[in-house]
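This report refers to the structure that appears directly beneath it.
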Amino acid sequence: MMKQSKYQARMPNADGIIDYPAAEHQIWAELVERQLTLLPGRACDEYLKGLDTLALPTDRIPQLGEVDKVLQRTTGWQTAPVPALISFERFFELLASKRFPVATFIRTRQEFDYLQEPDIFHELFGHCPLLTNPAFAHFTHTYGKLGLASTPQQRVFLARLYWFTVEFGLVETEQGMRIYGGGILSSPGETHYALSQQPTINSMSVVDAMRTPYRIDIMQPIYYALTNINQLYDLAQLDLMALVTQAQQLGLFEPQFPSKQQVS
């Protein structure tokens, strides 16, 4: 049973254009302005290069066709407009065909700082810049194909790998630790927090990442860091499903956070 969203995605017209009200364009503009001030010295160079390549408008919500032209030219990807929440099956199906799902709504001002489900700001500003990077695009495509062919039990472990790479991944650079995960780069609080002294940062281990529990409604106590973005190529060449089996056999690590019941 899929969780229901209170948000309603806006549908494109016959020309593929989505008409957003002025108030929603203003929310986009404010989100972009705030996040752009945080990225220097925190976001990885590959993300910043992708952001420059995409040239997302700062004063209005982009049309997906604008983003698609750049993605198709750089890595052969494109976006796919989707409702607020989609099934695992649909998610993997889209990634396997090099289409990145984008929920075509933007958060309300009441949830300006944080919302649990991905909106168009999270998807376009957080993820799409790195989809111009060949290593990131190849890993995401491989992940989609594997997920599409997996069982529901295997997908739970694959989801943790996605969480600790595409959503909340860090990468070591000569200048220090940097962020590439879209879940961090679209969140001002997590952008500050991820590179602070508070979380534990482990070197990337696929099996360990698959065994690490997480909660979507808190700052992450643990992150996994790549040695460089091109390591995503190496991860995509591994027998990831064999590693899923290994992680299933070993079981999950103890959570480094309280359960929702304990904090409610």
Looking only at region 83-99, and only at residues there that are touching a helix residue (DSSP H, G or I) at 6+ places or on another chain (Cβ under 6 Å) and open to solvent by less than 50 Å² (accessible area, probe 1.4 Å), the one that is farthest from Thr142 (Cα to Cα): Phe92
Phe253, sole failed condition from (1) open to solvent by 60 Å² or more (accessible area, probe 1.4 Å); (2) closer than 28 Å to Phe125 by Cβ; (3) in contact with a Ser or Thr (Cβ under 7 Å, 6 or more places away or on another chain): (2)
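Going by the structure shown, is Glu66 among the acidic types (Asp, Glu), over 18 Å from the mean Cα position of the chain (by Cα) and surrounded by fewer than 14 Cβ atoms within 10 Å (Cβ to Cβ)?
No: the conditions fail for Glu66.
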Residues satisfying the stated conditions in region 215-250, i.e. open to solvent by 60 Å² or more (accessible area, probe 1.4 Å) and modelled with pLDDT under 95: Ile216, Met219
Residues satisfying the stated conditions in region 64-84, i.e. touching a Pro at 6+ places or on another chain (Cβ under 9 Å) and closer than 27 Å to Gln4 by Cβ: Leu64, Thr79, Ala80, Pro81, Val82, Ala84
Residues of region 28-47 satisfying the condition of being touching a strand residue (DSSP E or B) at 6+ places or on another chain (Cβ under 8 Å), open to solvent by less than 10 Å² (accessible area, probe 1.4 Å) and either farther than 23 Å from Ile106 by Cα or of a type in the set (Phe, Trp, Tyr) (or both): Cys44, Tyr47
Residue check, Gly50 within 25 Å of Thr74 (Cβ to Cβ), within 19 Å of the chain's Cα centre (by Cα) and open to solvent by less than 70 Å² (accessible area, probe 1.4 Å): yes
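Of all residues in region 107-150, which are hydroxyl-bearing (Ser, Thr, Tyr), over 27 Å from Thr58 (Cβ atoms) and either part of a helix (DSSP H, G or I) or free of Cβ contacts under 8 Å to residues at least 24 places away in the same chain (or both)? Please lay out each step first, then the result.
Residues of region 107-150 hydroxyl-bearing (Ser, Thr, Tyr): 108, 114, 132, 140, 142-143, 150.
Among the residues that remain, those that are also over 27 Å from Thr58 (Cβ atoms) are: 142-143, 150.
Result: Thr142, Tyr143.
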Pairs with Cβ under 8 Å, 6+ apart, first in region 19-35 and without any contact (Cβ under 8 Å) to a residue 60 or more places away in the chain, second part of a loop (DSSP other than H, G, I, E, B) and surrounded by 16 or more Cβ atoms within 10 Å (Cβ to Cβ): Asp19/Arg10; His25/Ile61
Selection count where residues are open to solvent by less than 10 Å² (accessible area, probe 1.4 Å), of a type outside the set (Val, Ile, Thr) and either in contact with a His (Cβ under 9 Å, 6 or more places away or on another chain) or touching a residue at least 60 places away in the same chain (Cβ under 8 Å) (or both), scope region 151-174: 3
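Take Met177 and decide whether it is within 21 Å of Leu38 (Cα to Cα), in contact (Cβ under 8 Å) with a residue 40 or more places away in the chain, touching a Leu at 6+ places or on another chain (Cβ under 9 Å) and open to solvent by 20 Å² or more (accessible area, probe 1.4 Å). Quick ask: steps written out before the conclusion?
Details: within 21 Å of Leu38 (Cα to Cα): yes; in contact (Cβ under 8 Å) with a residue 40 or more places away in the chain: yes; touching a Leu at 6+ places or on another chain (Cβ under 9 Å): yes; open to solvent by 20 Å² or more (accessible area, probe 1.4 Å): yes.
For Met177, the condition - within 21 Å of Leu38 (Cα to Cα), in contact (Cβ under 8 Å) with a residue 40 or more places away in the chain, touching a Leu at 6+ places or on another chain (Cβ under 9 Å) and open to solvent by 20 Å² or more (accessible area, probe 1.4 Å) - is met.
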Verdict on Gln63 being within 27 Å of Gln8 (Cβ to Cβ) and in contact with a Gly (Cβ under 8 Å, 6 or more places away or on another chain): yes
Region 130-140, residues that are buried (at least 19 other Cβ atoms within 10 Å of the Cβ) and of a type outside the set (Phe, Trp, Tyr): Leu130, Leu131, Thr132, Asn133, Ala135, Ala137, Thr140
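Might you check whether a residue that is within 22 Å of Leu94 (Cα to Cα) and buried (at least 17 other Cβ atoms within 10 Å of the Cβ) occurs anywhere in region 190-197?
Initially, region 190-197 is screened for residues within 22 Å of Leu94 (Cα to Cα), giving none.
Among the residues of region 190-197, not one is within 22 Å of Leu94 (Cα to Cα) and buried (at least 17 other Cβ atoms within 10 Å of the Cβ), which makes the answer no.
The values are calculated or read from the model by the stated rules, or taken from the named source; none is laboratory data. Values in this document were obtained by computation on a predicted structure and should not be read as measured data. All Cβ positions, even for glycine, are placed from backbone atoms using ideal geometry, and neighbour counts span all protein chains on display. The area values use the complete protein model at the heavy-atom level, side chains included, leaving out ligands, DNA and RNA. Shrake-Rupley method; radii C 1.70, N 1.55, O 1.52, S 1.80 Å.
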